[in-house]
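Below is one structure, written out as structure tokens; the observations come after it.
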Ligand SMILES: *Cc1c(COP(=O)(O)O)cnc(C)c1O
């Protein structure tokens, strides 16, 4: 057994001072049992915890660290920017440079506004869509996560899918009523909501590749059909690319599938590890934002010079090195193929969804195309698998309903150790 002495001590202290001992719920390991490990440092493909354990990192800060930890160019840019002050609250050149670069990289984005997190980006994009269209309702998909804004914490009510029910206390019924829930990959469920709410829908927001119910790919026609419906009905189509942006391609899922949304929300990789988000899209919509237009949105630390410096180096690197995506694809394919071989040898029949450097191993025999099918996974098995992988030095996302993220720092040696750990962990399950 790996030692968790120092982590457990920290966790027990943390619970006195921080709700649940963590600043973001999934980190608490509640879905997999056991105490979370506290990370002290990370370098390249590895994280080191407070007890001196070393893990191959397959979360990479939930996406941002696509180049692995401790990228020298990014760290240098951060240090240099910090020496010119941590914050101005006034315009700075880096903001202009990153905006220009984002617009160059993300095909549908003509203007962009920087914020401090993915949550802020999606909340702002929805307000903008409402202000722009003069309509109030939005459509989202069951199992898609768009940050913790009130409008998004809504599950489908039993029976009438038109009646949103809050997923969290504190979200008002009024807010819930304005959020309509459709089923991922089910265009009929979207058409139905549109027909039942003619002329009332401001926006449709979707993860163009879902990553927050585990990795779930859109079916070949699905995004195109959404585009058609939104164009026909005057609905603002929002791709939430907080996860997929700069990851599945330099221009995100919209580039990969060649379907253009009206607005795009971004986060994670865009800040190179610093807290950054952004939303952007068509000029005519973006110009509705204050001070150009009437829809208010602001931020004391938005466009923060240190954060912009980190993001700029990250995005320049991805823009200038298309081979990053080839490499990420190849590495991830090797991991996935290795896992598949292990499963086959053990005659175990599970599902793996994979696109680019995102993948999920679901402990179910069903194909996984939406939240309903994702939920057929055996969570007990996942929990044993997770803990066994941790013991063997591989740090996975501590929930079945999360995607794993591969970084360019993972080399053949780490691929081999991941596949080996997977084999041992699966063996322990059968
Ligand atoms: C992570 C994520 C968010 C929220 O971003 P935060 O920076 O955690 O607020 C929103 N949408 C998607 C698709 C995400 O993966």
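Please verify whether residue 223 is modelled with pLDDT of 95 or more, under 21 Å from the mean Cα position of the chain (by Cα) and over 20 Å from residue 331 (Cα atoms), treating the condition exactly as stated. Yes; evaluated as a whole, the condition is true for this residue. Any idea how many residues of segment 277-290 are within 16 Å of the ligand (Cβ to nearest atom) and surrounded by fewer than 20 Cβ atoms within 10 Å (Cβ to Cβ)? Within segment 277-290, residues that are within 16 Å of the ligand (Cβ to nearest atom) and surrounded by fewer than 20 Cβ atoms within 10 Å (Cβ to Cβ) number 0. Considering only segment 99-134, state which residues are buried (at least 19 other Cβ atoms within 10 Å of the Cβ), part of a loop (DSSP other than H, G, I, E, B) and more than 12 Å from the ligand (Cβ to nearest atom). Passing the criteria: 106, 108, 109. A single member of 294, 208, 261 is surrounded by fewer than 16 Cβ atoms within 10 Å (Cβ to Cβ), at pLDDT 95 or above and in contact with a helix residue (DSSP H, G or I) (Cβ under 8 Å, 6 or more places away or on another chain), and it is 294. What about residue 92, is it assigned by TED's automatic domain parsing to the domain that holds residue 315, at pLDDT 95 or above and surrounded by 15 or more Cβ atoms within 10 Å (Cβ to Cβ)? Yes, satisfied.
As for segment 420-430, it holds no residue that is surrounded by 21 or more Cβ atoms within 10 Å (Cβ to Cβ) and assigned to a loop (DSSP other than H, G, I, E, B).
Of the numbered criteria (1) surrounded by fewer than 20 Cβ atoms within 10 Å (Cβ to Cβ); (2) modelled with pLDDT of 95 or more, the one residue 172 fails is (2).
Restricting attention to segment 335-363, the residues that are without any contact (Cβ under 8 Å) to a residue 12 or more places away in the chain and within 24 Å of the chain's Cα centre (by Cα) add up to 1.
The values are calculated or read from the model by the stated rules, or taken from the named source; none is laboratory data. Since the structure is predicted, the reported quantities are computational estimates derived from the model, not experimental observations. Every residue, glycine as well, gets a Cβ built from its backbone with ideal geometry; the counts of neighbours run over all protein chains shown.
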